[in-house]
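Read through the structure below, which is laid out as structure tokens, and then see the notes.
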Amino acid sequence: MREWVAECVRGRLWWVRAPLLPILLWILGGYVRDPLHASMFDGANFAFHEMGHAAFSWFGSQILTTAGGTIFQLVIPLAAGAYLLHEQRDPFGAAVCLFWLGTSLFGAGAYAADARAQALPLVSPFGPVDPLSHDWTVMLMRYGILSRDQAIGAALRHSGVLAMVASVAASAWVLRVMAVGAGSAASTVKKEEAGRG
């Protein structure tokens, strides 16, 4: 695995990406401290959530249209990460997408935990908001598990935090591989120059 990552990142500058790591750690700290924390990722998560409702509405199923928001907000970061990893050969970018997925899982968890209380303000570009506009209320009522909203929400939030922690660890490791590779390349160049001199 290390050799594959080293091959992928050869020639890329680790220090250009390094400043993102403390930013991700700072954002992660906010999620750990506050179950309703919001970050710069939330705008994208919300946009893809609403697109998911629109995309799944073509199936003509109320439950799919309702679930489509959460499905999209989770699948899009996964798809972006897979694209960066396999097509762009950018493991650092893929690790950042894992962090994005973590924020999306965390947000879905906050939404799920609110299914009974419906205390969160709902926003919809598709018309007026009423109690049956709450996606997780509709989904959990449909399957008779509305009373489990807090447990489901907590599981999603914990999964999100784990994904963010894994992302930070993976990002740091990729940066280390990049830095070591850059150091080796510089050493090789110096040896070649000394050999010619």
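The values are calculated or read from the model by the stated rules, or taken from the named source; none is laboratory data. Remember, predicted model here, so these are calculated numbers, not experimental data. Glycine gets a Cβ as well: all are built from the backbone with ideal geometry, and neighbour counts include every protein chain shown.
In the stretch 51-71, what count of residues is obtained for those that are crowded, with 22+ Cβ neighbours inside 10 Å and not polar (S, T, N, Q)? Steps first, answer last, please.
Kept after step one, since they are crowded, with 22+ Cβ neighbours inside 10 Å, are these residues of the stretch 51-71: 52, 66, 68-70.
When the remaining residues are screened for being not polar (S, T, N, Q), the result is 52, 68-69.
Here the count works out to 3.
Do we have any residue at all in the stretch 117-134 that's acidic (Asp, Glu) and at pLDDT below 95?
Let us first name the residues in the stretch 117-134 that are acidic (Asp, Glu), namely 130.
Among the residues that remain, those that are also at pLDDT below 95 are: 130.
The answer is yes, given that some residue of the stretch 117-134 is acidic (Asp, Glu) and at pLDDT below 95.
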**Study point:** Those residues of the stretch 4-46 which are assigned to a helix (DSSP H, G or I), within 19 Å of LEU74 (Cα to Cα) and among the hydrophobic types (A, V, I, L, M, F, W, C), in sequence order
**Key:** LEU24, ILE27, LEU28, ALA44, PHE46
Exercise for review: Within the stretch 161-181, identify whether any single residue is farther than 22 Å from TRP100 by Cβ, surrounded by 16 or more Cβ atoms within 10 Å (Cβ to Cβ) and modelled with pLDDT under 95, and answer yes or no.
Suggested key: yes
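Within the stretch 1-42, take every residue that is among the β-branched types (Val, Ile, Thr) and surrounded by fewer than 16 Cβ atoms within 10 Å (Cβ to Cβ) and give me the one that is nearest to HIS86 (Cα to Cα).
Of the stretch 1-42, the ones among the β-branched types (Val, Ile, Thr) are 5, 9, 16, 23, 27, 32.
Within this subset, residues satisfying the condition of being surrounded by fewer than 16 Cβ atoms within 10 Å (Cβ to Cβ) are 16, 23, 32.
Details: VAL16: 21, ILE23: 25, VAL32: 31 Å.
Residue satisfying both the conditions and the ranking: VAL16.
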Review point. Going by the structure shown, is VAL32 closer than 22 Å to ALA170 by Cβ and more than 16 Å from the chain's Cα centre (by Cα)?
Key: no
